[in-house]
1. At most 15 other Cβ atoms within 10 Å plus a DSSP loop assignment makes a site exposed; report the longest stretch of chain B without any exposed chymotrypsin sites (Phe, Trp or Tyr not before Pro).
2. Using a 1.4 Å probe and ignoring any ligands, DNA or RNA, find the accessible area of A:H154 and quote it in Å² to the nearest 10.
3. Would you list B:I126, B:I273, A:I125 from the most to the least accessible area, probe 1.4 Å?
4. First select every other residue whose beta carbon is under 9 angstrom from the beta carbon of C:G182; then total the charges, Lys and Arg +1, Asp and Glu -1.
5. Just grab the label-to-label distance for C:S213 and B:R12, each label 7 Å out from Cα along the Cβ direction, in nm (one decimal).
6. Based on Cα coordinates alone, diagonalise the gyration tensor for the stretch A:88-154, multiply each eigenvalue by 5, take square roots, and list the semi-axes in whole Å, largest first.
7. Would you mind getting the accessible area per residue of the stretch B:15-354, heavy atoms of the protein chains only, 1.4 Å probe, in Å²?
8. How many Å² of accessible area per residue for the stretch A:8-108, probe 1.4 Å?
Amino acid sequence: MPMLTVENLMASYGVVRALHGISLEVNEGELVALLGVNGAGKSTTLKSITGVLRPVKGTITFLGKEITNRTPEFIVKQGISLVPEGRDIFGQLTVEENLRLGAFVSYERDRYKADLKEIFELFPILEERFTQAGGLLSGGEQQMLAIARAMMAHPKLLMLDEPSLGLSPTMTDQIFVLIKRLREMGSTILLVEQNAERALEIVERAYLLGNGEVEFAGTAEDLKHKVDIASVYFGGDDAQKAGVTL
Amino acid sequence: MSLLSRFMTFSRQHATLPLLMVPVIIAGIAINAFGSSLLLNVYTYFCVSLIMVLGLQMFMGNSGILNWTHIGFVGVGAYAAGILSTAPAVKHMGVPNMFPALVSLHMPVIPAILVGGLVAALLAAIIGYPLMRLSDFVGVITLFATLIVFHVIMTQWDNVTNGPRTFFGVQEFTTLWVALAGGLIAMVVAYWFRESGLGLRLRASRDDRYAAMSVGIDVVRVRYYSFVTSALMAGLAGGVWAHFITSFSPKAFYISEMFLLLSMIVIGGSGSISGAVAGTTVVTIARELLRQVEGTINNAHVLSFEVFGLTEAVMAVLMILVLIWRPGGVVGGQELRWPLFKRKEPGATKEAEDAA
Amino acid sequence: MIDLEFLINTLSLGSLYALLALGLVLVYGILKLVNFAYGEYIMIGGYGLYFSATVLHLPWWATMLFAVLAAVVTSYLTELAAFRPVRNKSANALIVTSFAVSIFLQNAVLILVSPRARAVQLPAVFSRTVSIAGATTPVRNLIIIGTTVVVLVALSVLMKRTVLGMAMRAAAEKFTTTRLMGVPANLVISAAFIISGLLAGIASIFWIGRSASVDPVTGSAPLLIAFIATVMGGMHSPTGAVVGGFVYGLLFNILSITLPAGMISYRDAFMFVIVVLFLLFRPEGIIKGGYTEERVG
C-alpha cells in the first residue's frame, strides 16, 4: 500500500478552479517529484495535503488514514512535514527557536539534543548562526534552516515546495545534493520543482502537472525521454505546453 | 434593439430600487391610514434611520472601513440644523451660554437641514484628510477615537450644544411623509453612488487595495471623497432626525447609537443597498418587539428589579450569530434583482465573504 | 516641574497604561483583532473585586485573585463563544463581533447587577502615602510600578524561554507556518486571550482602585487608553505597546499640568489630536517592525 494516496483532488480559489481532479501516490522510501510550470497546481496540491487549503473534492490518505479536511496541526502530527515555498522561516525568532518549534510535535529532550547534533553535521552553518535571528540569514541558509526545521519533526514524509527557488546555482547544487542524501538516509520525499531537469536527475518517479491536471506520470527516465522529444521535435513552445522548463 | 427591449433591459438592470422602494412606500401609506400613533412613530423613525444607515453604507459598505465617526456627523448635522432653525428667543432660554452670534441666527427648516449637512461634510473634509491616509487597523482605532473627540466636544462646549444637558425647543417638522421622502432620496443617492465610477473604484479598493492601486486608482483620494459624501448624508440625516425628536443631548450621538446603526448594517449586509434596507427593517422591528417585552416584564413586576439593557444584549447576540452564520449579512453582498429568486451568479460567494 | 513626585506619578500612570496596552496588543498580534471587548474584561475584573468582597467576604488578597480570575475566564469564554467561530471571516467581522461582545457584556451586567455604580474598597495600605527623598506619593503608585516590573519580566520570560512563548511569537509573525510546525491554532489563540485577560485583571485592580467604584461602562476609559497607547507605540510588537503606554502616561501628565484650567476638560480631545497628527508622520507608531499584517484564515 502506498504511503500517501491522493485521489481525484479538486481545489479552487473562490470561483477559480485550481485543481481538476489530481491523483498521485508516494510509496515508502521513494523520492517523487511533482513538476510543472507556474500555476500548474503544484503548490495547491501540497497545500491541500498539508491541510492549509480545503479541497472541494477528493480524498487524501496517509498511512491508511484519511486526512482530507483535517487541520494542518493534525496532519503534521501524522508525520507529514512541509518545507514551504519561499522558505517561510520565522525571521524574528532565532535559528535555535526555529528548530525548537520544528520539533514541537516530537519533542523529547535527549532525542532533541541528538537531532541537533545531526543537523549541525548536515548544516554546519546553522551551528554558527545558532543564536542569530532567522531573518538575518542569507537565502540559502534560510533554505537549509527550513529543511532542518522540517526534519526536526522526524517526518515520515517530507515535502519540499520549490527548494531551489531564488537561490544561486551553487546553492541550488548544494540543496539537490542534500535532498539526494536525505533520500539515501531513508527519508520519503515529495519534491515540487519548476526546475524539471535538475529534479529528474535525482528522483525515481515524477508527475507532470499542467492546468490543474496530471498530464504525465512515470519514471524519471520516461519523463526525461518525453522532455527530450518535446524540446527536440516540437521546439521550446511545446515543451512549455507540456509543463516543462529546461 | 427596439425601444421596448431597451427599456426592459434597463429596468431589469435597475430593478433593485423599485423592489426596495415600493414595499417601503406601501408600508408608509398603510401605516398612515391604519396605524396607531406608536406605529406611526416607529415607521418615521425607521425612515430616518434609513437615511443614516444608507449614509453609513455609502462609505463603510463600499470601502470596507468601519466608520465609527458616522454617528458623530449625524450629531453635527443635528446640532447645526437645530441651532439654525430654532427661534432666537427659544435658544436664549434653552441654551443660556450660547454665543450671541449663534443665538441670532435663524432660518427656515429645510435650508437649516441642508446647511447642517454641509457643516458635517466640511468637518469631514477637514478631518478626513489625515484619517484616510491611515492604514486599516490604525484607521479603525483612530476613527473610533475621533468619535470620542466629537463626544467630548459636544458635551463640553456649552456655548454651542448646551453641554451634556438637553438641547430642546427644536420645531417639529419631520412628519411621516418628510421622513419617507428623505429615506427614498437616500436610497436613490446611495444606489447611484454605489454604481457610480467613484463607488466602483471604492469597491475595487475594498476588494483588493493593491490591485486597485496597480490599475491607477488613487485609493486615498477615492476614500476621501466618499468619506465626505457619506458625512454629508449623515449630517442631513441628523437634521431630519433633530426635527423629528425635537430635543436631544450628546448621548444620542455616541457608542450605543452607533451600535444600533452598525447592527442594522451588519445584520442586513453592508455590501449592498438591499442589505442596508433589510437590516434597518429587521433591527427596527426586532428592537421594538424587544422593547415591548422589556416594558411588559418591568410593568408586570414579576422580577424584583427593572430590566434595563435586554434589548441591547439580545441585539448583540443576534449580531454575533449573523456574523457566524452569514458574515455577509442576511442579504449578502449582492443587490436584489428581478426575478427575485434566481440561481446565484458566480462570484457571489466571494463578495459575500468580503463584506462585513 | 520635573521633580521626583512627577516622575513617580508618571511612572505609575505609564505602568498602568503599559499593562492595558500590552493585553490588547497580544491578541492583536496573533489574531489581528482590535478587541473592543477588552475594556469589559477590566469591568468584569472590577465586579469580581466587588462581588468577592461584599458577597463572599473574602480577604483582600483573595478578592484580587478572584478579580484576575474573573477577567481571565471572561476573556477565554469570549474567545470560545464568539471569536473562534468568526475567526476566519473578514477582519471587519472580527472587530464588529468584539464590539457586539462588549455591548453584550455591558448590558448583561446592567441586567444582572445594576446600572448604578458599586463601591469597591481596596485595603487601606493602597491609599496611604509615603515620602521618598522628599517626594510624597500614595503607596498605590509604588505597588503599580512594582507589579508592572514583575509582570513584564514574567511575560518576557514566558515569551522568550518557553515553547508556548516561541509558538506565540511565531504565530504573530506567520500564523499558517506556525500551524505547519504542528502548533495547534487554538492553543496559541487561547493562550493569547488568557494572557490578555490576565493583564486586564491585574490592571483592573489598579484602575478600579483609583476610582473606588465600578459600573457597567467602567471599561470604556481603559479601553480607549489601551487603543491610543498601542497605536502610538506601534501595534506590531509588545515592546511598542509598553513604550506607548509610558509615552501616553507622560503626555497625560504633561497636559494635566500645562493646560489652562478652562481647557482641562478637553484634555482627552487634545491627546487624540496629538496622536492622530503623530500617526500622520509615522503611521507605524514609535516602534516599527515585529508583527506582520498577515491575517488568520
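1. So the longest stretch without any such site is B:1-304.
2. Accessible area, nearest 10 Å²: 80 Å².
3. B:I126, A:I125, B:I273
4. Values: positive: A:K77, C:R179; negative: A:E73.
Around C:G182, the surrounding residues sum to +1.
5. 6.6
6. Here the semi-axes work out to 18, 12, 10 Å.
7. Heavy-atom SASA per residue in the stretch B:15-354 reads 41 Å².
8. Numbers: 3790 Å² over 101 residues.
Per-residue accessible area for the stretch A:8-108 comes out at 38 Å².
The values are calculated or read from the model by the stated rules, or taken from the named source; none is laboratory data. Since the structure is predicted, the reported quantities are computational estimates derived from the model, not experimental observations. A quick note on method: Cβ atoms are made from the backbone with ideal geometry, for glycine too, and the neighbour counts reach across all protein chains shown. Keep in mind that these areas ignore ligands, DNA and RNA; they rest on the heavy atoms of the full protein, side chains included. Shrake-Rupley method; radii C 1.70, N 1.55, O 1.52, S 1.80 Å.
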